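A quick write-up on the structure given underneath.
Every number here is computed from the coordinates shown, using simple stated rules; none is lab data. Just so you know, these numbers come straight off a predicted model, no measurement behind them. Here the Cβ is made from the backbone with ideal geometry for all residues, glycine too, and neighbour counts use every protein chain on show.
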Amino acid sequence: MLVNLNDVLKDAQKNKYAVGLFNTIDTDLLQAAIEAAEALSSPIIIGTAEILLPYGELSLISPSVVAAAKRAKVPVVVHYNHGLTFARCMEALRCGFSSVMYDGSAADLEDNIAATRSIVKIAHAFGASVEAEIGHVGDTDDESAAPLTTPEEAYHFSTATEVDALAIAIGTAHGVYKSKPKLDIERLKRIRARLDTPLVLHGGSGLTDDDFRRCVENGIAKVNIFTDLTLAATRGFEEGIKDGLNYMKARNRKVDAVREEIMRYIRLFGSAGRA
């Protein structure tokens, strides 16, 4: 069934588990994600990100993603991740996405607040939820330290924008880590104590199981995963070709590998059996 973030994250926050966001740029990843969630009776968040649109345009993938969510046996949020422009966020809403993330974290704080607040008003009129980011989750290709979120900024931003979920920066980064990330769990605890808005962890691929457990135990209700899915997909497909399978059977091997990876994360985040 198609739902928004409020339908799944409030319970996750209350009961100290997290719901995974798994980007699905094609029907192979989409199939793997829905099958994994249904197999473990878990809520799930699927969708795409603005940076990924060259690999799967909204107009191409949204009909299948929205339709799959509606017929799923578990709650499915269709989420537009890291929307960088107002126009693309509006396009996602028109395509039937039940949630959007507007990422104005690279802008001045007050500009981020103003833009986010406008999108919140429109998205809520659609019945959709909104996630935003304060602080900045950087990229592993950039070794410079990204600014981390402060409790005061998080509270001010959440109150001023009325967002439904807030992505915070506590030391993670997008991509494949070159060295072990240093997570600021004490900062996470202080932010969680300061506001009630469900908190989101970006840059999850590559963290240890213990890293994830500590984040979820201390207030993270949503975790974004993509890089590990692409690695699993590549590994599964290449192994299929190496074993002499044709394209279609190698494709199924790819789907199997991604499904198993998503099921591993669902169990790790504690959302299995919560649908």
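Quick rundown of the values:
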item: Estimated inter-spin distance, Ala87 and Ile51, nm [label 7 Å along Cα→Cβ]; result: 2.1
item: Contact order normalised by residue count of the chain, Cα under 8 Å, 6+ apart, percent; result: 23
item: Pairs of alpha carbons in region 41-132 whose separation is greater than 24 Å (percent); result: 19
item: Lys189 paired with Ile122, simple spin-label distance in nm, labels 7 Å along Cα-to-beta-carbon; result: 4.1
item: Cα-Cα over 24 Å, subset of Lys70/Lys222; Lys10/Lys70; Lys70/Lys189; Lys16/Lys254; Lys73/Lys189; result: Lys70/Lys189; Lys16/Lys254; Lys73/Lys189
item: Cα shape, region 45-89, gyration tensor, a/c 1.5 rule; result: prolate
